[in-house]
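The values are calculated or read from the model by the stated rules, or taken from the named source; none is laboratory data. In this text, all values refer to a predicted model and were calculated from it rather than measured experimentally. Glycine gets a Cβ as well: all are built from the backbone with ideal geometry, and neighbour counts include every protein chain shown.
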Amino acid sequence: MHEIVRNLDPALVALGVEGSKRYREVYELVHRREASQPNQIWQADHTELDLWVIDPKGQPARPWLTAIEDDHSRAIAGYAVNLEAPSALSTALAFRQAIWRKAEPGWHVCGIPEIFHLDHGPDFTSAHLEQVMADLRVRPVFSKKGQPHGHGKIERFMDTMNQMCLAHLPGYAPKGSTGRAAQATLTLAELDAAIGRFIREVYNLRPHSETGLPPQARWEAGAFIPRMPDCLEQLDLLLCTVAKPRKVHTDGIQFLALRYIDPVLADYVGEQVTIRYDPRDITEIRVYLRHPDGTDDTFLCRAICPHLSGETISLKEITTARNARRKQLRGRLATRATVVDTLLALHDEPLPAAYPATTALRRWTTPDTASPTDSANSAGDTSTPGDAPRLKRYWNE
């Protein structure tokens, strides 16, 4: 019996004992996509890092990393680090960074890919992200549910990140280790900076074991011009999932216990607006005027928080904008007052000569409140009904 069991096909044992999922992971033949040029296929994936950081409340927490890799060169085009679980926001932030030109001179990977290969997570299948890819003419390719085949390249980068970058940082806690949370000293911003340095200075410049070339050099070898969006504002639509309704107050817009101000807002005090912001940089917000009919919001301005930004709005600018708004409103009031006076003059007709004053008084007096004197005068009234309008004897007339 032992000899029979020992000679069983391992694939058969995996399928019968460990299940079909394990069989697919280990023994099922997989078609591996290969891009023939840079920016032809990009891959994206999330992972919970083997590291503890200090969250804003001073408590240890495990961060998540979202990375986007160019399939041809294996270069990392963009990434995002968050304390929250993977979401459409983290994907959009990483995608935005991957597409736009980098501020760092040594990080050249950018452009719009032809194909974006994703798994079937809700963060990747959001209607908003699909709409953005449609606007940028990117073809999304989703793996089958529960079968994320083809993600081996990006998953390999995640393993490299854990071994070559995180292992040298305080708070590193590989799977199975316990009691490492107390060693956390890094903040999320410090971890973000460390991962960025590793990608730019180590991973993208180090020869890849499979291609034999550094990812950055392989991406640049084609000497091609990447397809870019028209402007950064178009890419900012990727951040539209972070939209909050707000009202413009006399001192600006209140958000996250902060105050945001811009001279343009002087014309919209009391109006309902929509603000959009980048969670990684809340020194400014983008303000859009909301339309009740459901049409697209109109961009108004970029409002800044003076307490967070080095840029300040002077009192002179605020005073100028406030005075201009007051002058505009006074002009509108004067125009409307003229119209009202004209209408009143047209309806202000003199009483007929045969129309006694007592009759005019009786128009505003009900029978219950009419005085005896008025009744006596009414008895002596010799005017005919055709000489004057009919008496209004009730308040509702």
Next item on the list: Kindly state which helices (runs of 4 or more DSSP H) lie completely within the stretch 1-99 and contain at least 1 residues that are of a type in the set (Asp, Glu), modelled with pLDDT under 70 and surrounded by 13 or more Cβ atoms within 10 Å (Cβ to Cβ).
Entry: 20-26
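What do you reckon, is Thr283 under 18 Å from the mean Cα position of the chain (by Cα), surrounded by 14 or more Cβ atoms within 10 Å (Cβ to Cβ) and modelled with pLDDT under 85?
Yes: the conditions hold for Thr283.
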Item checked: Residue in the stretch 184-198 that is farther than 24 Å from Ala77 by Cβ and of a type in the set (S, T, N, Q) present -> yes
Item checked: Among the candidates Ile225, Ile195, Ile199, residue that is hydrophobic (A, V, I, L, M, F, W, C) and free of Cβ contacts under 8 Å to residues at least 24 places away in the same chain -> Ile225
Next item on the list: Have a look at Pro174, Pro170 and point out the one that is without any contact (Cβ under 8 Å) to a residue 60 or more places away in the chain and assigned by TED's automatic domain parsing to the domain that holds Ala44.
Entry: Pro170
